[in-house]
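Accompanying notes for the structure given below.
The values are calculated or read from the model by the stated rules, or taken from the named source; none is laboratory data. This structure is a prediction, so every number in the text was calculated from the model and none was measured. Backbone-built Cβ (ideal geometry, glycine too); neighbour counts: all protein chains shown. What goes into the accessible areas is simple: the full protein's heavy atoms, side chains included, and nothing from ligands, DNA or RNA. Shrake-Rupley method; radii C 1.70, N 1.55, O 1.52, S 1.80 Å.
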Amino acid sequence: MKKNIVLIGGTHGIGHAIVTQLASDNNIIIASRNNEGLESLDVKHIPFDATKDELDAGQFPDEIHGFVFCPGSINLKPFKMMGLDTFEQDMHLNFFSLVRVLKSLMPKMTENASMVFFSTVAVTSGMPFHTSVSASKGAIEGFAKSLAAEYAPKLRVNVVAPSLVDTPLSSRLLNNDKKREAMAERHPLKRVGTPEDIANIAVFLLSDDSSWMTGQIIGVDGGLSTLNVN
C-alpha cells in the first residue's frame with residue numbers, strides 16, 4: 001500500500017531530495033510557495049506560505065502516514081547586531097509555523113504515522129553567531145520530544161540535526177572555493193553535507209524500518225557534534 005506523505009516545503013534542497021526518493025512509491029503532497037522543480041515528479045502540490053497562510057486541512061487526504069516539515073532559516077550574525085525582530089522571525093518560521101500546521105493536520109495522522117522535523121548541530125554544539133537559529137531550532141527539539149512522549153505509541157516523532165548542507169539556503173556560506181574548503185575542514189569527514197545525506201535519514205525515519213525509533217535527535221553532521229579531530 002502506498003503511504004500518504006505530506007511535506008511542508010519540498011521544492012528545494014533537502015525537501016526536494018526527500019521528494020525525489022519517495023515520489024515513485026508513495027502519494028506525495030507538498031505544500032509550498034511554488035511548484036518549482038516538481039514538474040517531472042508525480043506529486044500533488046498545494047500553494048502555501050508557512051509564514052503567513054492558514055492551512056486548509058480539507059485539501060489533504062483523510063489519512064496521513066508521514067509528515068515532514070522543511071522550512072528553516074540560517075541567520076548567522078553577532079548577537080549585538082540582531083534585534084528582537086530577528087529572533088521573532090526565526091521563531092515564527094522555524095517553530096510557530098510548525099505548530100500551526102500540526103494543529104490542522106494532527107487529526108489526520110494514522111496509527112504508526114511518522115513525523116520528521118529538522119534542527120541543527122548548533123543546538124547541541126555551541127557556536128558563535130548562531131543564537132537566533134539555535135534558539136528556534138532548540139524549541140523544535142524540545143517540542144518534538146514532548147510530542148513523541150504524548151502521542152506514543154500511536155505516532156512517532158524524530159528530529160534530524162544536520163551540520164552545513166550544500167543547499168540554496170546555505171549558498172552564501174559556500175559561494176567560493178575558499179569558503180567551501182574551510183567549511184569542509186571543520187568536519188571530521190572533511191566535507192559539507194549534501195541534500196541526499198540528510199534525505200537518506202529522513203526517508204529511513206518515514207519508513208517501517210525505523211518503527212522502534214521515536215523522540216530521537218539524530219545528528220547527521222560529518223562527526224562535528226561528537227568528534228574533535230582538529
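Numerical summary
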{"item": "From phi via Karplus (6.51, -1.76, 1.60), per-residue ³J(HN,Hα) for the range 54-66 in Hz, x at Gly/Pro", "result": "8, 7, 8, 4, x, 7, 10, x, 5, 10, 10, 9, x"}
{"item": "Under 15 Å, Cβ to Cβ, from residue 24 - net charge with Lys/Arg +1 and Asp/Glu -1", "result": "+1"}
{"item": "Ranked packing of 153-160, 16-23, most packed first, by mean Cβ within 10 Å", "result": "16-23, 153-160"}
{"item": "Calculated diffusion of the range 111-213, Stokes-Einstein form, Kirkwood radius summed over Cα pairs, 10 °C and 1.306 mPa s, µm²/s", "result": "105"}
{"item": "With at most 13 neighbouring Cβ atoms within 10 Å, loop GluC sites (Glu not before Pro) (DSSP) excluded, longest segment of the chain", "result": "64-230"}
{"item": "Acute angle (nearest 10 degrees) that the helix 13-22 long axis makes with the longest principal axis of the chain, alpha-carbon atoms", "result": "40"}
{"item": "Geometric extent, Cα atoms of the range 78-170 - Rg, Dmax (angstrom)", "result": "14.6, 46"}
{"item": "Estimated 222 nm signal from helices in the chain, with DSSP H stretches of n ≥ 4 weighted -39500 (n - 2.57), rounded to 500", "result": "-9000 deg cm²/dmol"}
{"item": "For the chain, built as a Gaussian network whose Cα springs stay under 10 Å, the top-fluctuating residue of 84, 189, 55", "result": "84"}
{"item": "Probe 1.4 Å, protein heavy atoms only - accessible area per residue of the chain in square angstrom", "result": "50"}
{"item": "Alpha-carbon Rg with Dmax, taken over the range 1-88, Å", "result": "15.4, 53"}
{"item": "Among 200, 94, 176, residue whose mean-square fluctuation peaks in a GNM of the chain (springs only between Cα atoms under 10 Å)", "result": "176"}
{"item": "Principal axes of the range 160-230: Cα extent on each, largest first, Å", "result": "42, 28, 15"}
{"item": "Karplus-derived 3J(HN,Hα), 6.51/-1.76/1.60, for each residue of the range 113-121, Hz, glycine and proline x", "result": "4, 10, 10, 10, 10, 10, 10, 8, 4"}
{"item": "Using θ = phi - 60° and Karplus 6.51 cos²θ - 1.76 cosθ + 1.60, couplings along the range 165-175 (whole Hz; Gly, Pro as x)", "result": "10, 6, 10, x, 5, 9, 4, 6, 8, 10, 8"}
{"item": "Sequence-distant lysines (8 or more away, or on other chains) whose Cα lies within less than 22 Å of residue 178", "result": "77, 190"}
{"item": "Nonlocal amide H pairs with residue 218, under 5 Å, H built at 1.01 Å", "result": "159, 160, 161"}
{"item": "Accessible surface of the chain, 1.4 Å probe, proportion on carbon and sulfur as whole %", "result": "54"}
{"item": "As computed over the chain, the Cα convex hull volume per residue (Å³)", "result": "128"}
{"item": "Under 5 Å, built H, 5+ apart or other chain: amide partners of residue 109", "result": "64"}
